[in-house]
Amino acid sequence: MAGTERVMAIEASQKRFARLTALPGMVVLVLLVVGPLVYMFFNSFFLKTLATPVPPRFAWFENYGSLFADHRFWNAFLNSMIIMVIGIPIQSALALVIALLLNKKFPGSRIVVALFLIPVMITPVVAGFEWKIILDDRFGPLNYVLGLVGVSPQAWLAQPALAMASILLMDTWQWTPFVTLVLLAGLAAIPKQVYEAASVDGSSASETLWRVTMPLLRPVFTLVILLRIIFIFKVFDPVQILTGGGPGVATETLSVLTYIIGFKNFNVGMSATIAVVQLIIITIIAKLFIRLVMNRREGTPS
Amino acid sequence: MTTTELRREDLARRQRIRTLLGVLRFALILIFLLIFLFPVYWIGIGAFKVEGEFYHYPPVFWPSQFNFANFGRAMTVFGGTQALTTSLVVAVVNTGLVIAFGVLLAYSMGRFKVGGENMSFFVLSLLFAPPVIATMPLFIIFKTLRMLDTYPVLFLSYILINMPFAVWVMKGFFEEIPQSIESAALLDGYSRLHAFWKYILPLAVPGIAVTALFVFIFSWNEFLFALIFTRSHAQTLPITLAGMTGGHQIPWGEISALSLIAITPGILLTLFFQKYLVRGLTFGAVKG
Amino acid sequence: MYGRTRFPLLLAAALLFAAKGTVAEEKVTLTVYGDQGQNLTPVEWLKPLAAAKGINLEIVGVPFTAVYEKLKTEFVGGTGAYDVVIFYPAYMGEFAEFGYIQPLDGLFSIHNPKMDDVVPAYRDLYDMYNGKTYALPYDGDILNLYYMQHIFSDAGEKAAFKAKFGQELAVPKTWDDLAKVAQFFTRKKGEKLAGKTLDQDFYGFAFLGARGFAYAWWGNIFGSLGGAYFDKNMKPQINAAAGVEALNIQKKLKEFCPPDVMNYGYTELMNAYLQGRVATMIQWSDVWKKANDPKLSKIVHDAGISQMPGVRQPDGSIYFRASAPVGRVIAIPTTTKHPKEAFWVASMLSLDLGIRSVTSNDTGEDPYRISQFDNTQAFEKFGSTAEAKNYLAVVKDNLNHIFPDINIPGSAEYLDALDVAVTSALSGASDSAAALNTAAASWDKITQSLDPARQKKIYNAMLEAWKKHGFWKD
């Protein structure tokens, strides 16, 4: 309806508007977020430790070299990857199931959703301590309940494999509700008409789910899984409290190692190096994941 | 049999299946609820237990008495009241700041793709690095500004943690809003800002609400920055709680009590958020 | 009439003036730093006494695990926020060497802390640095051997033990004997213990296996085998024969421990003992104070405390060392604007309030002064006179054989590497020698990164103190 001139004017004003609205947010981001991160990059090239008043020494990639030669780093990297590779699929699937269950309005649904979210609200420090009690070999309710159904008590936090399982259990418990809620918000944005159209078309429940709901949910799903991938690499407090990285280093993740190196050893240079490496790793994973989703998305109208 | 009778039978069978599914749904929700809330239940009864009931075999599933002594002590002796106030102020203000600064940025990135793919990924990448490496430089900065152990130091440092997350999530929701709505408003002669305010924003409300909820929770539960940047005047709940879990004698009763109190604002907020979730549903009708 | 009202007015004015004169002295505000909770209770007690002297005390409490990180951050950042700091002595060397805390000898005249009253080994190794006093003691944490008394005096058990091992059943004084006792008393549910049938599995021994302080339980054994952290040339000795043997002894003992012992922190270890699950265990002194409280303990008046096991020497005597992880000392930062008042606070906490602190249920402190150890009466609230006497004698003895945490600069880092090695080996993830070799290699790297010449000088000064107490022979 509009002439070419009008379209161009609209586009120009659109660009201006876009940039203007982006400005305040960007300023804040750059000032408060980007600054320290640049500082971090910088530090990774220095042999710098605050454990001693020795001036920092520029050392090219020496930090990176010693990091990659250190078994403890690879162990931490492996632990973080294990948690991610096993935890994310479980949490995503579980969250989807629960979100679908909760998507229908029923009396008390508001309270139920609020109740489901409680695990996310529990301070991670407290969550760590509570799970320590719950998983206690002798005095914890989990082993007691397992005992009632004939399973012998397990030393959950004292054996390397079980300790890892415990971390996964606690993380799943605390964060699945988060994914659930975001998915619920995504589901809520799907208009009723879509479902009505599908049922008019004679689509069965499962067909509707896979062919209609899932594609519409995909963007939100991608978003939240990406976030979970990032967060799961950063999870620190509960792990530190539940196992301290132990037994031995069986549950020492990258975040725990970074903390120890940065704060117990005050080796600023090395902790910056780990952070940079972690950043690169997550970037690769995130890009791969996005590419994977984009490929599958080809053909679906935006 | 007549067609009507067949149809009635068919309808009746469909009705039975629906009821069955309904019951199944109810049962599943109940099971999940029980599993996810068991640890919370454990904390809850812990708030009423006496000292000897925590490390006891068999485990105590129902406390011997119900009094609120632990709650009282948690709020007074252990500084719970002050921590609760501090956490509330910090979380509310920080959520406000993050949403205020983030909404526009998220909108322009989601709608106009300002900066394109790279910018979007850049914002996300700000989340990748663990905050621990930012503590020392920020500490020096805040010390120079004489902001340590004040409320503002937490307002600002939490922006670092929460803003990339908020922008990223809200951007996703803005992306899903069809451009046609905006175009329609523009063609009707409304200004862009008006279009944004009256038509786009309401549709984005579920996304913004869920973001705000989580930003609140993340600020509420943040530990590291609160530990390093505050001392005694701006101590938040996580620090107080962690402090109660000292090396030796751990007052589990009081910790459980304070933890219960600590989750109340979050619950109230979620209940409140639900209203906006529903509101989003009705506005979704406009999309169709 | 005029005269009569004038005099009282003048008197009132004069009094007001006098009062104002005394109150006009400056009120000083001091900030005290320590780990949050009960360990700061003595500071609360001090508040009114300080106020009377014109000192206003503000307390900053931080979580137990964050004491080092937060304090170090504040020191490095040069904030000068604290006037009195309470922390774990393992970090004293680092703080003293880098000038974060100041020597205190010159301030003794303000309020003499009576350092001769402090158990000598504890004083020399945890309060002194480089020949000067840098910290005053606040909490005398030391590890001790605990046991369940009645099973050792039971006739049936005694006979069975003699039959099995050919020696008398007694509270073990060597690691060998401990292994025998632990093996002997490890029984399954349903078997008998001292005439009673067990309703749960019972174990002979328990230790702290959780990451953080596990190294100290290894330290008991390592120390008794004559081990030291480094030799005089800063070559790590943790992976020498004594170190590997200590780990192997601990591995053997682990066979008789509860299955989740690698997860045991303070609470789990204490509860295993107080709930009657183990025959013996090693833990800090304050467990004894809780053992006779029926709310917490099932072994009331059955809790025995004894000398740390050691190694029998050729001359028949037993050489033992007791680790002292955690513990608390008080120091004065160099940045304080009121060193005199700060020292008064520190000295009051260490000396005057000491006895109340170590005998209270509201604090977590343990005795560290000879005067406290001589004060049997004050400890009788926790047990009978005989029990209190025994407790005090044993703890004092263990304190005098202290195997301190390494407290030269970088101690947090050294101890973390050691902790990783000990817990890895014990959890079966790696073999003893390999784990310790890795830790030793890390130790070398740490030393290199911290000015090796200075580390050597500082460590040798520490060895001199060890020599003085018979813990090191050149």
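We did not get these values from a lab; they are worked out from the coordinates using the rules stated. Just so you know, these numbers come straight off a predicted model, no measurement behind them. With ideal geometry, Cβ positions are generated from the backbone for all residues, glycine too; neighbour counts draw on all protein chains shown.
Points worth noting:
- Cα-based shape type of chain B, given that a ≥ b ≥ c are square roots of the gyration tensor eigenvalues and the cut on a/c is 1.5: oblate
- Order of A:VAL112, C:VAL422, B:VAL90, A:VAL28 - criterion: other Cβ atoms within 10 Å of each residue's Cβ, fewest first: A:VAL112, A:VAL28, B:VAL90, C:VAL422
- Applying the Karplus relation 6.51 cos²θ - 1.76 cosθ + 1.60 with θ = phi - 60° to segment C:354-362 yields 3J(HN,Hα) values of x, 5, 5, 5, 7, 10, 9, 7, 8 Hz, where x marks Gly and Pro.
- Across all Cα atoms of segment B:159-270, the radius of gyration (one decimal) and Dmax (whole number) stand at 20.6, 70 Å.
- When the Cα positions of C:THR29, C:GLY227, C:ALA170 are compared along the charge dipole of chain C, C:ALA170 comes out farthest toward the positive end, with charges on each C-beta of Lys, Arg, Asp and Glu.
- Within 10 Å of the Cβ of each residue in C:65-74, the mean number of Cβ atoms contributed by other protein chains is 6.
- Annotation note: trypsin sites (Lys or Arg not before Pro) in segment C:322-429 located in DSSP loop regions with a Cβ neighbour count of at most 11 within 10 Å are C:LYS337.
- Only Lys, Arg, Asp and Glu carry charge here, each on its Cβ (+1 for the first two, -1 for the last two); on that basis the protein assembly as shown has a dipole of about 2420 debye about its Cα centre.
- Membrane-span-like helices in chain C, defined purely by DSSP H runs whose alpha carbon atoms cover 30 Å or more axially and whose average Kyte-Doolittle hydropathy reaches -1.0, are C:2-23.
- Three-way shape call for segment A:47-297 based on the alpha-carbon gyration tensor, with the a/c threshold at 1.5: oblate
- Longest segment of chain C lacking GluC sites (Glu not before Pro) that sit in a DSSP loop with at most 10 other Cβ atoms within 10 Å: C:169-474
- Residues with amide H under 5 Å from that of C:LEU193, placed H, sequence gap 5 or more: C:LEU198
- For segment A:158-273, the Cβ-based charge dipole about the Cα centre amounts to some 200 debye (Lys, Arg positive; Asp, Glu negative; other atoms uncharged).
- Ordering C:GLY204, C:ALA214, C:LEU392 by the projection of their Cα atoms onto the charge dipole of chain C, which places +1 on the Cβ of Lys and Arg and -1 on the Cβ of Asp and Glu, puts C:LEU392 at the extreme positive end.
- Inter-chain neighbour count for A:136-148: the average number of beta-carbon atoms from partner chains within 10 Å of each residue's beta-carbon is 6.
- Cβ-placed point charges (K, R +1; D, E -1), dipole of segment C:341-397 about Cα centre in debye, nearest 20: 140
- Report summary: the helix-based calculation at 222 nm, which adds -39500 (n - 2.57) for every DSSP H run with n ≥ 4 and divides by the residues of chain A, gives -22000 deg cm²/dmol.
- Under the shape rule built on the C-alpha gyration tensor, where the axes satisfy a ≥ b ≥ c, the protein assembly as shown is prolate, since a/c reaches at least 1.5 and a/b is greater than b/c.
- Projecting the Cα positions of B:ALA27, B:LEU6, B:TRP42 onto the charge dipole of segment B:3-46 (unit charges on Cβ atoms of Lys, Arg, Asp and Glu, taken about the Cα centre) puts B:LEU6 furthest along the positive direction.
- Euclidean distance between Cα centres, segment A:42-107 to segment C:444-474, Å: 36
- Look at C:ASP474, C:ASP154 and count the other Cβ atoms within 10 Å of each Cβ; fewest to most, that gives C:ASP474, C:ASP154.
- Mean Kyte hydropathy of 0.5 or more with a Cα span along the axis of at least 24 Å, helices from DSSP in chain B: B:3-46, B:80-111, B:151-175, B:201-221, B:252-287
- For chain C, adding -39500 (n - 2.57) for each run of n ≥ 4 DSSP H residues and dividing by the number of residues yields -13000 deg cm²/dmol at 222 nm.
- Amide H to amide H, with H built 1.01 Å from N, C:PHE87 comes under 5 Å of C:VAL329, C:ALA331, counting only residues 5 or more places away or on other chains.
- A helix-only calculation puts chain B at -25000 deg cm²/dmol for mean residue ellipticity at 222 nm, using -39500 (n - 2.57) for each DSSP H run of at least four residues, averaged over all residues.
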